[in-house]
1. Taking the alpha carbon gyration tensor of the range 187-227, what are the square roots of 5 times its eigenvalues, largest first, to the nearest whole Å?
2. How large is ³J(HN,Hα), in whole Hz, for each residue of the range 75-91 in order, when computed from phi with the Karplus curve 6.51 cos²θ - 1.76 cosθ + 1.60 and θ = phi - 60°, using x for Gly and Pro?
3. How big is the range 132-204 along each principal axis, measuring the range of its Cα positions in Å and listing the largest first?
4. Given H placed on each backbone N at 1.01 Å, which residues far from ARG91 in sequence or on other chains put an amide H within less than 5 Å of it?
5. Can you give the net charge of the other residues whose Cβ lies under 12 Å from the Cβ of ARG31, counting K and R as +1 and D and E as -1?
6. In whole Hz, what ³J(HN,Hα) sequence does the range 167-175 give by Karplus (6.51, -1.76, 1.60; θ = phi - 60°), x for Gly and Pro?
7. Between their Cα atoms, which of LYS15/LYS45; LYS45/LYS241; LYS66/LYS251; LYS8/LYS251; LYS71/LYS241; LYS8/LYS71 are more than 20 Å away from each other?
8. Considering only the other residues whose Cβ falls under 14 Å of the Cβ of THR103, what net charge follows from Lys and Arg at +1 and Asp and Glu at -1?
Amino acid sequence: MTNDTILKVEHLSMKFGGLMAINDCSFEAKRGEITALIGPNGAGKTTVFNCITGFYKPTMGMLTLKRSNGKEFLLERLRDFEINKVAGVSRTFQNIRLFSGLTVLENLLVAQHNVLMKASGFTVLGLLGLPAYKTAAREAIEKAQYWLEKADLIDRADDPAGDLSYGAQRRLEIARAMCTGPELLCLDEPAAGLNPKESLTLNTLLRGIRDEGTSLLLIEHDMSVVMEISDHVVVLEYGQKISDGTPDHVKNDPKVIAAYLGVEDEEVEEIEEQLDHATVEGGTV
Ligand SMILES: Nc1ncnc2c1ncn2[C@@H]1O[C@H](COP(=O)(O)OP(=O)(O)OP(=O)(O)O)[C@@H](O)[C@H]1O
């Protein structure tokens, strides 16, 4: 595994009873890049995500995460909390999961609970008096403030999370995941339900996260977001990878076009010919 690869998925398969949801799927995500996992409904994107983040144990295959210090972890062998704590992988979900009654700032402090408890020595006295706890508490607030600025939420820090608009709640979830200091951030449909303005703010946040060195893996249906921010796109159909490359490459791949249009395999050649024709005429599809 080379140094610029953060995640290597090899021969991943996941069976639910008689249904092969993922069938021998392999791909890589590069360090410092935004990798998007796309495909029609039911293609298996969420299942791949759930295997990487420990919600499912794969039926077969290897999921290797390489941290920047060179340490490698086989994710399928870790318990789900270790995937975050030890391997440095954080995730968000399709449906928003915030503590809506807590303030925006409190949501980010709860995310840092483990660090704070460790600094307290797990005792009440530690919470009240240990200098290590005071330092950790100050650092936790600083980190929360940093991500609130990045997520354009600093003015809402003291408002209940449930009062935020949908787009702002999505950004808060991402800020919360970033407060755990991940090396790989996995986002499940971050742009779902956002209006165009909120999508643009999200794109800026995600690019900022990448530019600061965190690698991203996202599932996304909104092609404007995928094409705009991804460095690398992996396309699934019926649990198998059908294309893999730059946004431009997959956008023009006849197999991808056929999968999204829902045409039969025999029609792919026809689409390929049409594409060749369009390219000769100087257009793109
Ligand atoms: N826990 C489960 N038990 C049984 N079948 C499942 C389970 N999770 C997913 N599946 C099935 O696996 C296949 C892939 O589903 P998955 O949700 O991974 O696809 P997806 O690409 O994320 O779809 P969508 O874009 O609609 O969210 C589907 O046929 C789905 O019904």
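1. Semi-axes (√(5λ), whole Å): 17, 12, 8.
2. Ordered by residue, 3J(HN,Hα) equals 4, 5, 9, 8, 6, 4, 5, 6, 4, 7, 6, 9, 8, x, 10, 10, 9 Hz.
3. For the range 132-204, the Cα spread along each principal axis is 44, 29, 19 Å.
4. Close amide H contacts, sequence-distant or interchain: CYS186.
5. Cβ neighbours under 12 Å give a net charge of 0.
6. x, 5, 5, 5, 5, 5, 4, 5, 4
7. Long pairs (Cα-Cα over 20 Å): LYS66/LYS251; LYS8/LYS251; LYS71/LYS241.
8. Result for the local shell: -3.
FYI, it's all coordinate maths here, none of it is from the lab. Please read all numbers here as calculations on a predicted model, not as lab measurements. Glycine also receives a Cβ, built like all others from the backbone with ideal geometry; neighbour counts cover every protein chain displayed.
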